[in-house]
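Q: Sending over a structure as structure tokens; questions will come in a sec.
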Amino acid sequence: MKLTELKDKKILILGFGREGQDTFKFLRKSFPKKQTGIADQKLDKDYLKKLDDYDVIIKTPGIPFKILPKSSLSRITTQTEIFFDNCPGTIIGVTGTKGKSTTSSMIYQTLKSGGMKASLIGNIGEPVLSYLRKATARSFFVYELSAHQLFKIRKSPHIAVILNIYPEHLDYYRNFKEYAQAKANIAKFQTKDDYLIYNSLDSEVKKIAKASRAKKVPIQGKYYQLDMAAAKAVAKIFKVPELKKFEFLPHRLEYVGKFRGIEFYNDSLSTIPETAIEAMDFLGNRVQTLILGGFDRGLNFKKLAQRIKKSKIKNLILFPTTGQRIWQEVSRVKSPSIEHCFVEDMETAVKLAYQHTDKDKICLMSPASPSFGIFKDYAERGELFKKFVKKYHD
């Protein structure tokens, strides 16, 4: 939706968190005399009843389309859609169930080091509308895009990067197919003049690439190797030097340190079984203790249990609520040498890791589950892990 179309419309901001507040500030500057409505469940439990009173509804990503009245759907737009329709610069969109923050950061670092006027926006950076005022044809935006942000959009970025698609957020979407279709929108509207950088080893991603009209750039790799491959592909497109060294993000296979002879890795961003499997593959057979479990979104842990069976892991430390389900799956396939403990807090988990992990082995926290319940978010979970690892290292 073009900004000129908003001028004479009655606008409602649906959801007033970080992105909704950014939208409000942008509209106040763009249309100082306009009265803008706000609907948020924290402000009014009947917030959805306001929708019929407005011409345009700017929805934030956290509110699922499936809970909205059908009568409102034709009037809904989003920050992402407004940015795509009004940005005069070049957008490099990055999506994937896992790895998109790291990849976005690496692409941004690559472009900045190449002397380009690059900004990091979206999930990992700042809300996007504040950038529109300063954007020019020479601006480059590395935009980390979640499925929620891509859902229902009608325009795709000039360069799209798709890393992987695994079952996640199935509480938000009607089913996995709808989730995958949302991800596919990043490439759906590209033309032959655009670029699609895609993981050629991911079956769901390959389906999207097959249907794409863009110039296709296949990449491969495990964990950071895949992220780096995407950054290198973007560097090649823009003819800037490849970066040899990157600054890594916290909580994604983050090396905490070696204490009492044990190496500790914080992979708190692992919220699905597939990423825990990837972390185990990346670190290899020196992983002896694995910390798993968290909020239950109904994911399937059979493949994770099979991977644990093939590993050299001797100790599982398990958080509720998925810890119980994970152990049930492991019990069906496990070797008798694997021990397990159920814990309720991170301090106990770390103490047990020190007690049961041998020197020159690895303790990996890769929960394969969201953090909600015991922890505020993945960052708190990861920070507490690092805190207690360092506290008990003597």
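Q: Using +1 at the Cβ of each Lys and Arg and -1 at the Cβ of each Asp and Glu in the stretch 4-69, identify which of LEU27, LEU51, ILE13 lies farthest towards the dipole's positive end.
A: Going by the Cα projections, it comes out as LEU27.
Q: Do any of LYS42/LYS117; LYS59/LYS134; LYS42/LYS351; LYS98/LYS152 go past 32 Å between their Cα atoms, and which?
A: Distance filter (> 32 Å) returns LYS42/LYS117; LYS42/LYS351.
Q: Please give the Cα centre distance for the stretch 287-302 versus the stretch 221-268, rounded to the nearest Å.
A: 23 Å
Q: Additional query: Pairs of Cα atoms under 8 Å, at least six residues apart: use those to get the relative contact order of the chain, whole percent.
A: Contact order relative to length: 13 percent.
Q: Where nothing but the Cβ of Lys and Arg (+1) and of Asp and Glu (-1) is charged, how large is the charge dipole of the chain around its Cα centre, in debye to the nearest 20?
A: The calculation lands at about 1040 debye.
Q: Suppose every K and R has +1 on its Cβ and every D and E has -1 on its Cβ; what is the size of the dipole of the stretch 1-94 about the Cα centre, in Debye to the nearest 20? Let's see the in-between values first.
A: On the way: 18 positive and 12 negative charges, 40 e Å.
Using only the charged Cβ atoms, the result is roughly 200 debye.
Q: Okay, moving on. Can you find, among ILE362, GLY37, GLY89, the residue sitting farthest towards the positive end of the charge dipole of the chain, where Lys and Arg contribute +1 and Asp and Glu -1 at Cβ?
A: Checking the options against the dipole of the chain, the answer is GLY89.
Q: For the stretch 37-173, what percent of Cα pairs sit more than 23 Å apart?
A: So the pairs more than 23 Å apart make up 40 percent of the total in the stretch 37-173.
Q: Now a separate question. Of the listed pairs LYS2/LYS100; LYS112/LYS236; LYS222/LYS361; LYS183/LYS210, which have alpha-carbon separations greater than 23 Å here?
A: Correct reply: LYS2/LYS100.
Q: Can I ask one more? From the helices alone, meaning DSSP H stretches of at least four residues, give me the mean residue ellipticity at 222 nm for the chain, per-run term -39500 (n - 2.57), in deg cm²/dmol to the nearest 500.
A: -10500 deg cm²/dmol
Q: Say the dipole of the chain comes from +1 at the beta carbon of Lys and Arg and -1 at that of Asp and Glu; which of LEU283, ILE186, HIS251 then lies farthest toward its positive end?
A: Of the candidates, ILE186 comes out farthest on the positive side.
Q: Hey, another quick one. Hey, any idea what % of the chain's accessible area is carbon plus sulfur with a 1.4 Å probe?
A: The computed percentage sits at 50.
Q: Just one of [x] 5, 25, 35, 25, 9, 1; [y] 4, 15, 16, 8, 5, 5, 7, 10, 11, 10, 6, 2, 0, 0; [z] 5, 22, 28, 25, 15, 5, 1, 0 is P(r) over Cα pairs in 10 Å bins from 0, in percent calculated from these coordinates, so which is it?
A: Correct label, based on the coordinates given: [z].
Q: Could you give the size of the charge dipole of the stretch 241-394 about its Cα centre, using +1 on the Cβ of each K and R and -1 on the Cβ of each D and E, expressed in debye and rounded to the nearest 20?
A: For the stretch 241-394, the charge dipole is close to 480 debye.
The values are calculated or read from the model by the stated rules, or taken from the named source; none is laboratory data. Only a predicted model underlies this, so the values are computations on that prediction, with no experimental measurement involved. Because the Cβ atoms are built from the backbone with ideal geometry, glycine has one as well, and the counts that use them run over all protein chains shown. Ligands, DNA and RNA are stripped out before the accessible areas are found, and what is left, the full protein with its side chains, is counted by its heavy atoms. Shrake-Rupley method; radii C 1.70, N 1.55, O 1.52, S 1.80 Å.
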